[in-house]
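Coordinate-derived values only; no laboratory data. Only a predicted model underlies this, so the values are computations on that prediction, with no experimental measurement involved. No Cβ is skipped: glycine too gets one built from the backbone with ideal geometry, and neighbour counts run over all protein chains shown.
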Amino acid sequence: MIVVGAGVAGLVTAMRLRESGYHVAVLEGRDRVGGRTVDREIPNSGGQAIEMGGQWIGPTQHRALGLIAELGLELYPTYDSGEHIADFNGRLRRYEGRIPWLGACTLINIGLAQLKLDRAAKKVVTDAPWKSRNAGMYDRQTFADWIARNVKTKSGREFFRIVTETVFCAEPEDMSALWAIFYLGSAGGLDALITTREGAQHARVVGGAQLISIRLAERLGDAVTLNAAVAAIDWSGERVVVTTRDGRRFTAGRVVLTVPPALAGSIAMTPPMPPARNALIASMPMGSVLKVNVIYETPFWRETGLSGQANSDVRALSSVYDNTPHTGSPAVLLGLLEGKHAKATAAMSADTRRQLVFDDLAGYFGPKAYDAVDYLEMDWCAEEFSGGCYGGFAQPEMLTRYGTALREPVGPIHFAGTETATRWAGYIDGAAESGEKVAAELKAILNAA
């Protein structure tokens, strides 16, 4: 079998198939494994790594937790002590807890809207959201439509816009309300997605999250081929023929595609994929995010009782976290330019964008934010084999029209990747689940043959 993509989904698929005695070849277009997880060395830090892609693991992400334990890796908690910063409605606030004080009416409005969302998310059929009650109603409207109908205060609507940009790296106008509800349901509710302690941002991998893929690839050895971007797949004969851009040909009985749906269309298929699959690919764009890690000698924000976490409804650097490694040094602030902010800042010169980042950090934490010793950034929209991050999202009416094509095999072609997950879609955990499931799917087919 051939697996296209050496991220977590592809490598888990390959490892589980290899464990069952099947021959597997993994083809990866990049010169590295890890997919949407990648680490860089912090300059002058003695070789310490910092995450430039996916990084967090939550306490209910059982597939990822099991995989991390199996690979002999360790976790440590994301720094979450102290007060957070909210730059909201033109006012800078320090606060503790989940949401800053935005006024009684706004908080009540947010609470009632969240209750509606969480109730719908609890009822969603996560392995087939198009079968959920009121699926057609939700899928015909954008998430912005849902917010406008259910959130009555301006500040409440801005809160949900920030949540959408932070969680999906997209704007609520672009996304199906059904997809948003499914996504919440796959995670266990809104609080699980936006909370650090005991939530999606709870912990990090010692040494960086890319180590998950590196360890998996080590187990697979020469089954993983790097710099092997797939150009074409011919499944017209008894054997599937996979051709790379440089003309190498690989053959197998079955192929697993783990690339994001939005990128699957760049692979020439013979015969073509069914219309529903092609329509799905065209209706599932990637989120947009540019990630920065700013390095300091000391965590100066902690000295004033701050956690390093900050959000804003006006600043381009709308989400910030303390991303200091487990050793405690050097100190790091992680900043995320998401959705429309990622697109706008990606068009700037590198110097202009960097200055904007420092200005926003200083707006949150004061002038000491300018005293950085290094700066690292990564534009995920410019990544050829990702096309964006954190994941793909469904536009209106995609799920109810073409949702079955997301996971359903087409002949000998099977699909995996975090977008196909039923639990924690969009996360490392979802990628691991998808790999486990497609491996089980293949083993059942082959054992029955």
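Translational diffusion of the chain was estimated from the Stokes-Einstein equation, with Rh taken as the Kirkwood radius over Cα pairs; at 20 °C and 1.002 mPa s the coefficient is 96 µm²/s. Listed by chain and number, the aspartates and glutamates whose C-alpha is less than 17 Å from the C-alpha of LYS122, apart from same-chain residues fewer than 8 away, are ASP139, ASP191.
Spin-label model, LEU226/TYR375: points 7 Å from Cα along the beta carbon direction are separated by 2.9 nm. Starting from the Cα gyration tensor of the range 65-136, take the square roots of the eigenvalues, sort them a ≥ b ≥ c, and report rounded, prolate or oblate (rounded when a/c is under 1.5, otherwise prolate if a/b is larger than b/c, else oblate). Judged from the Cα gyration tensor, the range 65-136 comes out oblate (a/c at least 1.5, b/c at or above a/b). Computed across the range 100-194, the Kirkwood hydrodynamic radius from all distinct Cα-Cα pairs reaches 13.2 Å. Set against the 2.2 N^0.38 Å expectation for a compact globular protein, the range 325-375 has a Cα radius of gyration ratio of 1.25. Of all DSSP beta bridges confined to the chain, the antiparallel ones make up roughly 70%. With both labels modelled 7 Å from their Cα along Cα-to-Cβ, the ASP351 to ARG133 distance reads 6.0 nm. For helix 350-365, what angle does its Cα long axis make with the longest principal axis of the chain, in degrees from 0 to 90 and rounded to 10? That helix lies at roughly 50 degrees to the long axis. Distance between the modelled labels on ALA448 and ALA148, one decimal in nanometres: 4.6 nm (7 Å Cα→Cβ projection). The angle between the Cα long axis of helix 428-448 and the main principal axis of the chain comes to about 20°, on a 0 to 90 degree scale. Using a cut-off of 31 Å between Cα atoms, the listed pairs LYS154/LYS368; LYS152/LYS343; LYS291/LYS443 include LYS154/LYS368; LYS291/LYS443 as exceeding that distance.
Each residue of the range 291-301 is assigned a 3J(HN,Hα), and the resulting list reads 10, 10, 10, 10, 9, 10, 5, 9, x, 4, 5 Hz, derived from the Karplus form 6.51 cos²θ - 1.76 cosθ + 1.60 (θ = phi - 60°), x at Gly and Pro.
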